[in-house]
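J.: My questions all concern the structure below.
The values are calculated or read from the model by the stated rules, or taken from the named source; none is laboratory data. Note that the structure is a prediction, hence the values are computed from the model and not measured. Note that each Cβ is placed from the backbone with ideal geometry, even for glycine, and that neighbours are counted across all protein chains shown. For accessibility, only protein heavy atoms count, side chains too; no ligands or nucleic acids. Shrake-Rupley method; radii C 1.70, N 1.55, O 1.52, S 1.80 Å.
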Amino acid sequence: MLQKDFRDIFLENILGFLWRQWSTLGVLGEARAREPWAIDPEVLLVFTLETGRYDPRLFDEVMDWLVTNGQWIDIQRLRGIIGESKDETCRLMGAVSEFLASQGQERKWKNLAKLCFKNIPQKPEPLFPVRYEKDVALAIGIPFDEIFSKYGFLRAPLKPSGKSREVIPITESNIRFMLRGLFGVGSRAECILYLLTHDAGHPSEVAKAIGLSVRGTQDALIELSKSGLVLTRIKGKRKIEYWLSQERWWEFLSKGNFDEIKKPVWIDWISLFKALLTVWAALLETGETTSEYMKSSKLRDAMELVGNEFAQSGIDIPPVPGRGVRPEHYEKAFENFIIRVFGAEEPMMATNRSI
(Lines give C-alpha, C1' and ligand atoms only; values in the text may rest on other atoms or scores of the structure.)
Protein backbone atom coordinates (compact mmCIF):
# COMPACT_ATOMS: atom_id res chain seq x y z
CA MET A 1 0.00 0.00 0.00
CA LEU A 2 1.31 3.46 -0.85
CA GLN A 3 1.89 5.79 2.06
CA LYS A 4 -0.68 8.22 0.67
CA ASP A 5 -3.22 5.38 0.80
CA PHE A 6 -2.46 4.88 4.48
CA ARG A 7 -3.04 8.62 4.94
CA ASP A 8 -6.26 8.49 2.95
CA ILE A 9 -7.64 5.71 5.12
CA PHE A 10 -6.65 7.53 8.29
CA LEU A 11 -7.75 11.02 7.25
CA GLU A 12 -11.09 10.10 5.72
CA ASN A 13 -12.18 8.12 8.76
CA ILE A 14 -10.88 10.64 11.29
CA LEU A 15 -12.44 13.59 9.47
CA GLY A 16 -15.74 11.72 9.26
CA PHE A 17 -15.53 11.04 12.99
CA LEU A 18 -14.87 14.75 13.68
CA TRP A 19 -17.85 15.78 11.55
CA ARG A 20 -20.09 13.47 13.60
CA GLN A 21 -18.89 14.91 16.91
CA TRP A 22 -19.26 18.54 15.86
CA SER A 23 -22.65 17.90 14.24
CA THR A 24 -23.82 16.52 17.59
CA LEU A 25 -22.71 19.79 19.18
CA GLY A 26 -24.54 21.95 16.65
CA VAL A 27 -22.26 22.39 13.61
CA LEU A 28 -24.15 22.39 10.32
CA GLY A 29 -23.90 18.83 9.03
CA GLU A 30 -25.71 15.60 8.39
CA ALA A 31 -28.04 14.36 11.10
CA ARG A 32 -26.78 11.36 13.06
CA ALA A 33 -27.82 9.23 15.98
CA ARG A 34 -26.63 10.48 19.32
CA GLU A 35 -23.21 9.32 20.39
CA PRO A 36 -23.01 7.14 23.53
CA TRP A 37 -20.14 9.07 25.13
CA ALA A 38 -19.68 12.50 26.72
CA ILE A 39 -18.06 14.80 24.17
CA ASP A 40 -15.08 16.87 25.33
CA PRO A 41 -15.19 20.19 23.42
CA GLU A 42 -11.74 21.47 24.46
CA VAL A 43 -9.83 18.36 23.44
CA LEU A 44 -11.99 18.01 20.33
CA LEU A 45 -11.18 21.60 19.36
CA VAL A 46 -7.41 21.21 19.69
CA PHE A 47 -7.46 17.95 17.73
CA THR A 48 -9.57 19.58 15.03
CA LEU A 49 -7.11 22.48 14.73
CA GLU A 50 -4.49 19.97 13.60
CA THR A 51 -6.37 17.46 11.47
CA GLY A 52 -9.16 19.83 10.39
CA ARG A 53 -6.67 21.74 8.26
CA TYR A 54 -7.19 19.00 5.66
CA ASP A 55 -10.91 19.84 5.46
CA PRO A 56 -11.39 23.63 5.10
CA ARG A 57 -15.16 23.37 5.34
CA LEU A 58 -14.97 21.53 8.66
CA PHE A 59 -12.43 24.03 9.99
CA ASP A 60 -14.59 27.03 9.08
CA GLU A 61 -17.81 25.48 10.38
CA VAL A 62 -16.10 24.87 13.73
CA MET A 63 -15.08 28.55 13.77
CA ASP A 64 -18.71 29.43 13.15
CA TRP A 65 -19.76 27.14 16.01
CA LEU A 66 -17.32 28.92 18.33
CA VAL A 67 -18.85 32.29 17.46
CA THR A 68 -22.25 30.94 18.52
CA ASN A 69 -21.18 28.73 21.43
CA GLY A 70 -17.81 30.06 22.57
CA GLN A 71 -19.17 30.89 26.01
CA TRP A 72 -19.23 27.15 26.78
CA ILE A 73 -15.49 26.65 26.25
CA ASP A 74 -13.31 26.22 29.36
CA ILE A 75 -10.29 28.46 28.72
CA GLN A 76 -8.38 27.07 31.70
CA ARG A 77 -8.61 23.51 30.36
CA LEU A 78 -7.79 24.76 26.87
CA ARG A 79 -4.61 26.42 28.13
CA GLY A 80 -3.50 23.19 29.79
CA ILE A 81 -4.10 21.14 26.65
CA ILE A 82 -2.39 23.68 24.41
CA GLY A 83 0.59 23.73 26.77
CA GLU A 84 1.37 20.15 25.76
CA SER A 85 0.87 20.76 22.03
CA LYS A 86 3.42 21.74 19.43
CA ASP A 87 4.17 25.40 18.65
CA GLU A 88 2.23 25.29 15.40
CA THR A 89 -0.95 24.22 17.18
CA CYS A 90 -0.43 26.89 19.84
CA ARG A 91 -0.09 29.59 17.17
CA LEU A 92 -3.21 28.34 15.45
CA MET A 93 -5.10 28.47 18.73
CA GLY A 94 -3.86 32.04 19.08
CA ALA A 95 -5.27 32.97 15.68
CA VAL A 96 -8.60 31.35 16.53
CA SER A 97 -8.69 33.16 19.89
CA GLU A 98 -7.95 36.55 18.35
CA PHE A 99 -10.59 35.92 15.69
CA LEU A 100 -13.17 35.14 18.39
CA ALA A 101 -12.11 38.24 20.32
CA SER A 102 -12.83 40.27 17.16
CA GLN A 103 -16.33 38.74 17.05
CA GLY A 104 -17.39 40.27 20.34
CA GLN A 105 -15.82 37.76 22.75
CA GLU A 106 -12.76 39.82 23.63
CA ARG A 107 -13.03 39.38 27.38
CA LYS A 108 -12.99 35.59 27.12
CA TRP A 109 -10.35 35.04 24.43
CA LYS A 110 -7.88 37.94 24.35
CA ASN A 111 -5.53 36.59 27.06
CA LEU A 112 -5.30 33.19 25.36
CA ALA A 113 -4.48 34.95 22.09
CA LYS A 114 -1.62 36.82 23.75
CA LEU A 115 -0.32 33.63 25.35
CA CYS A 116 -0.18 31.88 21.98
CA PHE A 117 1.50 34.74 20.11
CA LYS A 118 5.03 33.36 20.13
CA ASN A 119 7.57 31.71 17.84
CA ILE A 120 5.96 33.24 14.76
CA PRO A 121 7.86 32.06 11.65
CA GLN A 122 9.27 34.61 9.22
CA LYS A 123 7.69 32.78 6.30
CA PRO A 124 3.95 32.15 6.68
CA GLU A 125 2.55 28.77 5.67
CA PRO A 126 -0.75 27.80 4.05
CA LEU A 127 -3.42 27.07 6.64
CA PHE A 128 -4.94 24.43 4.35
CA PRO A 129 -2.15 22.37 2.79
CA VAL A 130 -2.63 19.64 0.24
CA ARG A 131 -2.29 16.17 1.69
CA TYR A 132 0.92 14.78 0.30
CA GLU A 133 3.41 17.62 -0.22
CA LYS A 134 5.34 19.46 2.43
CA ASP A 135 5.92 22.60 0.36
CA VAL A 136 2.77 23.57 -1.49
CA ALA A 137 1.73 26.43 -3.70
CA LEU A 138 -0.75 28.77 -2.11
CA ALA A 139 -4.34 28.53 -3.22
CA ILE A 140 -5.81 31.68 -4.70
CA GLY A 141 -7.08 33.61 -1.70
CA ILE A 142 -6.00 37.23 -1.81
CA PRO A 143 -6.41 39.28 0.28
CA PHE A 144 -5.36 37.01 3.12
CA ASP A 145 -7.00 37.01 6.52
CA GLU A 146 -5.07 39.55 8.62
CA ILE A 147 -5.52 37.75 11.94
CA PHE A 148 -4.35 34.36 10.71
CA SER A 149 -1.47 35.99 8.77
CA LYS A 150 -0.34 37.61 12.01
CA TYR A 151 0.14 34.14 13.50
CA GLY A 152 1.91 32.74 10.45
CA PHE A 153 -0.97 31.17 8.50
CA LEU A 154 -2.23 32.20 5.07
CA ARG A 155 -5.88 31.80 4.19
CA ALA A 156 -8.73 33.73 2.61
CA PRO A 157 -10.60 36.09 4.98
CA LEU A 158 -12.72 34.12 7.44
CA LYS A 159 -16.38 35.05 7.57
CA PRO A 160 -18.70 33.12 9.92
CA SER A 161 -21.62 31.50 8.11
CA GLY A 162 -24.01 31.97 11.04
CA LYS A 163 -25.48 28.50 10.45
CA SER A 164 -24.38 26.74 13.63
CA ARG A 165 -27.03 25.87 16.21
CA GLU A 166 -26.75 26.50 19.92
CA VAL A 167 -25.71 23.42 21.88
CA ILE A 168 -28.57 21.27 23.14
CA PRO A 169 -27.37 20.39 26.67
CA ILE A 170 -30.06 17.81 27.49
CA THR A 171 -28.65 15.04 25.26
CA GLU A 172 -26.43 12.48 26.98
CA SER A 173 -23.45 13.23 24.73
CA ASN A 174 -23.67 16.92 25.68
CA ILE A 175 -23.81 16.35 29.44
CA ARG A 176 -20.76 18.58 29.93
CA PHE A 177 -22.76 21.57 28.75
CA MET A 178 -25.64 20.83 31.11
CA LEU A 179 -23.22 20.62 34.04
CA ARG A 180 -21.51 23.84 32.96
CA GLY A 181 -24.90 25.50 32.90
CA LEU A 182 -25.50 24.34 36.48
CA PHE A 183 -22.05 24.85 38.01
CA GLY A 184 -20.44 27.32 35.64
CA VAL A 185 -17.62 26.68 33.19
CA GLY A 186 -14.72 25.32 35.23
CA SER A 187 -13.41 22.58 37.48
CA ARG A 188 -16.63 21.92 39.41
CA ALA A 189 -18.53 20.78 36.32
CA GLU A 190 -15.61 18.59 35.24
CA CYS A 191 -15.33 17.00 38.69
CA ILE A 192 -19.03 16.18 38.79
CA LEU A 193 -18.91 14.56 35.35
CA TYR A 194 -15.99 12.40 36.43
CA LEU A 195 -17.81 11.28 39.59
CA LEU A 196 -20.99 10.61 37.59
CA THR A 197 -19.08 8.16 35.40
CA HIS A 198 -16.72 6.55 37.96
CA ASP A 199 -17.22 4.81 41.29
CA ALA A 200 -15.02 7.36 43.04
CA GLY A 201 -11.85 9.34 42.55
CA HIS A 202 -8.82 10.70 44.40
CA PRO A 203 -8.03 14.36 43.55
CA SER A 204 -4.88 13.40 41.63
CA GLU A 205 -6.77 10.81 39.59
CA VAL A 206 -9.57 13.21 38.82
CA ALA A 207 -7.14 16.02 37.90
CA LYS A 208 -5.25 13.84 35.42
CA ALA A 209 -8.47 12.65 33.79
CA ILE A 210 -10.05 16.09 33.38
CA GLY A 211 -6.87 17.93 32.39
CA LEU A 212 -6.71 20.42 35.27
CA SER A 213 -4.21 21.02 38.09
CA VAL A 214 -4.27 18.81 41.17
CA ARG A 215 -4.55 21.84 43.44
CA GLY A 216 -7.46 23.35 41.53
CA THR A 217 -9.23 19.98 41.31
CA GLN A 218 -8.77 19.31 45.02
CA ASP A 219 -10.12 22.74 45.95
CA ALA A 220 -13.17 22.16 43.73
CA LEU A 221 -13.85 18.75 45.27
CA ILE A 222 -13.54 20.13 48.80
CA GLU A 223 -16.00 22.91 47.99
CA LEU A 224 -18.42 20.46 46.36
CA SER A 225 -18.24 18.15 49.39
CA LYS A 226 -19.45 20.98 51.61
CA SER A 227 -22.83 20.68 49.88
CA GLY A 228 -23.33 17.24 51.39
CA LEU A 229 -24.12 15.84 47.94
CA VAL A 230 -20.51 14.96 47.11
CA LEU A 231 -19.20 12.55 49.71
CA THR A 232 -15.79 11.41 50.97
CA ARG A 233 -14.44 8.11 52.21
CA ILE A 234 -11.10 6.65 53.27
CA LYS A 235 -9.44 4.14 50.99
CA GLY A 236 -6.14 2.46 51.76
CA LYS A 237 -3.63 4.32 53.91
CA ARG A 238 -5.75 7.34 54.85
CA LYS A 239 -6.30 8.16 51.19
CA ILE A 240 -9.40 10.28 50.78
CA GLU A 241 -11.50 9.75 47.68
CA TYR A 242 -14.67 11.49 46.57
CA TRP A 243 -17.90 9.92 45.34
CA LEU A 244 -21.58 10.66 44.92
CA SER A 245 -24.87 8.82 44.71
CA GLN A 246 -25.13 8.29 40.99
CA GLU A 247 -28.74 7.14 41.19
CA ARG A 248 -29.89 10.35 42.91
CA TRP A 249 -27.81 12.60 40.67
CA TRP A 250 -28.82 10.98 37.38
CA GLU A 251 -32.49 10.97 38.28
CA PHE A 252 -32.21 14.67 39.11
CA LEU A 253 -30.35 15.53 35.91
CA SER A 254 -32.52 13.46 33.58
CA LYS A 255 -35.86 13.59 35.40
CA GLY A 256 -36.20 9.87 34.76
CA ASN A 257 -35.90 6.46 36.37
CA PHE A 258 -32.27 5.50 37.02
CA ASP A 259 -32.61 2.04 35.45
CA GLU A 260 -34.03 3.51 32.25
CA ILE A 261 -31.61 6.42 31.83
CA LYS A 262 -29.17 6.26 28.91
CA LYS A 263 -26.07 7.40 30.74
CA PRO A 264 -23.09 8.66 28.70
CA VAL A 265 -19.80 6.79 28.74
CA TRP A 266 -16.62 8.44 29.98
CA ILE A 267 -13.78 8.37 27.45
CA ASP A 268 -10.25 9.63 28.04
CA TRP A 269 -10.25 11.90 25.01
CA ILE A 270 -6.89 13.41 25.94
CA SER A 271 -5.15 10.04 25.65
CA LEU A 272 -7.13 9.02 22.59
CA PHE A 273 -6.43 12.11 20.52
CA LYS A 274 -2.80 12.15 21.62
CA ALA A 275 -2.51 8.61 20.28
CA LEU A 276 -4.11 9.56 16.98
CA LEU A 277 -1.75 12.50 16.53
CA THR A 278 1.19 10.15 17.12
CA VAL A 279 -0.03 7.90 14.31
CA TRP A 280 -0.58 10.89 12.01
CA ALA A 281 2.91 12.20 12.74
CA ALA A 282 4.33 8.79 11.80
CA LEU A 283 2.38 8.84 8.54
CA LEU A 284 3.78 12.27 7.68
CA GLU A 285 7.31 11.43 8.81
CA THR A 286 7.76 8.42 6.55
CA GLY A 287 7.12 10.52 3.44
CA GLU A 288 6.76 8.93 0.02
CA THR A 289 10.35 8.07 -0.83
CA THR A 290 11.07 5.00 1.32
CA SER A 291 10.15 1.44 0.45
CA GLU A 292 6.71 0.10 1.13
CA TYR A 293 8.22 -2.27 3.69
CA MET A 294 9.82 0.62 5.60
CA LYS A 295 6.58 2.58 5.55
CA SER A 296 4.65 -0.32 7.03
CA SER A 297 7.41 -0.88 9.60
CA LYS A 298 7.39 2.73 10.83
CA LEU A 299 3.62 2.84 11.01
CA ARG A 300 3.58 -0.47 12.88
CA ASP A 301 6.03 0.96 15.42
CA ALA A 302 3.80 4.02 15.91
CA MET A 303 0.71 1.89 16.37
CA GLU A 304 2.47 -0.23 19.00
CA LEU A 305 3.61 2.86 20.89
CA VAL A 306 0.08 4.22 21.13
CA GLY A 307 -1.64 0.91 21.84
CA ASN A 308 -1.73 1.59 25.58
CA GLU A 309 -3.22 5.03 25.04
CA PHE A 310 -5.98 3.60 22.89
CA ALA A 311 -6.70 1.08 25.64
CA GLN A 312 -6.77 3.84 28.29
CA SER A 313 -9.34 5.75 26.26
CA GLY A 314 -12.07 3.37 27.43
CA ILE A 315 -13.04 2.27 23.93
CA ASP A 316 -13.65 -1.37 23.14
CA ILE A 317 -11.42 -1.67 20.08
CA PRO A 318 -10.01 -4.51 17.97
CA PRO A 319 -6.37 -5.45 18.63
CA VAL A 320 -3.93 -2.78 17.46
CA PRO A 321 -2.02 -4.27 14.50
CA GLY A 322 1.55 -4.75 15.67
CA ARG A 323 4.61 -6.87 15.03
CA GLY A 324 2.56 -10.04 14.91
CA VAL A 325 1.09 -8.91 11.59
CA ARG A 326 3.20 -9.82 8.55
CA PRO A 327 4.16 -6.89 6.27
CA GLU A 328 2.07 -8.22 3.38
CA HIS A 329 -0.98 -8.36 5.66
CA TYR A 330 -0.46 -5.04 7.41
CA GLU A 331 -2.34 -3.04 4.80
CA LYS A 332 -5.60 -4.82 5.51
CA ALA A 333 -5.04 -4.93 9.27
CA PHE A 334 -4.45 -1.17 9.45
CA GLU A 335 -7.49 -0.44 7.28
CA ASN A 336 -9.75 -2.71 9.32
CA PHE A 337 -8.57 -1.18 12.58
CA ILE A 338 -9.14 2.45 11.55
CA ILE A 339 -12.52 1.76 9.94
CA ARG A 340 -13.80 -0.32 12.86
CA VAL A 341 -12.78 2.27 15.44
CA PHE A 342 -13.67 5.52 13.67
CA GLY A 343 -15.51 4.87 10.44
CA ALA A 344 -17.95 2.07 11.15
CA GLU A 345 -21.67 2.70 11.09
CA GLU A 346 -22.10 1.14 14.50
CA PRO A 347 -20.74 3.47 17.21
CA MET A 348 -17.71 2.32 19.17
CA MET A 349 -18.64 1.32 22.68
CA ALA A 350 -16.60 1.83 25.83
CA THR A 351 -15.69 -0.85 28.31
CA ASN A 352 -15.45 1.22 31.50
CA ARG A 353 -19.14 1.45 32.27
CA SER A 354 -18.88 2.14 35.96
CA ILE A 355 -22.26 3.84 36.14
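J.: Condition (residue is touching a residue at least 60 places away in the same chain (Cβ under 8 Å), open to solvent by 30 Å² or more (accessible area, probe 1.4 Å) and under 23 Å from Met63 (Cα atoms)) applied to segment 176-189: is it met by at least one residue?
T.: Yes; the residues of segment 176-189 include at least one that is touching a residue at least 60 places away in the same chain (Cβ under 8 Å), open to solvent by 30 Å² or more (accessible area, probe 1.4 Å) and under 23 Å from Met63 (Cα atoms).
J.: Let me spell it out: the conditions are (1) open to solvent by less than 30 Å² (accessible area, probe 1.4 Å); (2) under 18 Å from Leu44 (Cα atoms), and Gly80 meets all of them except one. Which number is the exception?
T.: Just one mismatch for Gly80, condition (1).
J.: Residue by residue through segment 190-225, note down the ones that are open to solvent by less than 20 Å² (accessible area, probe 1.4 Å), under 17 Å from Val43 (Cβ atoms) and not in a helix (DSSP H, G or I).
T.: Across segment 190-225, the qualifying residue is only Thr197.
J.: Mind listing just one residue for me: the one in segment 144-170 that is among the aliphatic types (A, V, I, L, M) and part of a loop (DSSP other than H, G, I, E, B) and, of those, surrounded by the most Cβ atoms within 10 Å (Cβ to Cβ)?
T.: Val167
J.: For segment 231-252, how many residues are in contact with a helix residue (DSSP H, G or I) (Cβ under 7 Å, 6 or more places away or on another chain) and either loosely packed, with under 12 Cβ neighbours inside 10 Å or in contact (Cβ under 8 Å) with a residue 60 or more places away in the chain (or both)?
T.: So the count comes out to 2.
J.: Could you list all residues from segment 145-167 that are farther than 19 Å from Cys116 by Cβ and of a type in the set (A, V, I, L, M, F, W, C)?
T.: Here is the first cut: in segment 145-167, the residues farther than 19 Å from Cys116 by Cβ are 156-157, 159-167.
Result: Ala156, Val167.
J.: To continue, here is another question. Do you know which of the residues in segment 2-37 that are basic (Lys, Arg) and assigned to a loop (DSSP other than H, G, I, E, B) is modelled with the highest pLDDT?
T.: Only one residue fits best here, namely Arg34.
J.: Any idea which of (1) at negative phi; (2) touching a helix residue (DSSP H, G or I) at 6+ places or on another chain (Cβ under 8 Å); (3) open to solvent by 10 Å² or more (accessible area, probe 1.4 Å) is the one Ala113 doesn't satisfy?
T.: So the condition that Ala113 fails would be (3).
J.: Moving on. Select from segment 186-212 the residues that are hydroxyl-bearing (Ser, Thr, Tyr) and within 16 Å of Asn174 (Cα to Cα) and list them in ascending order.
T.: Tyr194, Thr197
J.: (1) buried (at least 16 other Cβ atoms within 10 Å of the Cβ); (2) on the phi > 0 side of the Ramachandran plot: which one isn't true of Gly228, the others all being true?
T.: Of (1) buried (at least 16 other Cβ atoms within 10 Å of the Cβ); (2) on the phi > 0 side of the Ramachandran plot, only one is false for Gly228: (1).
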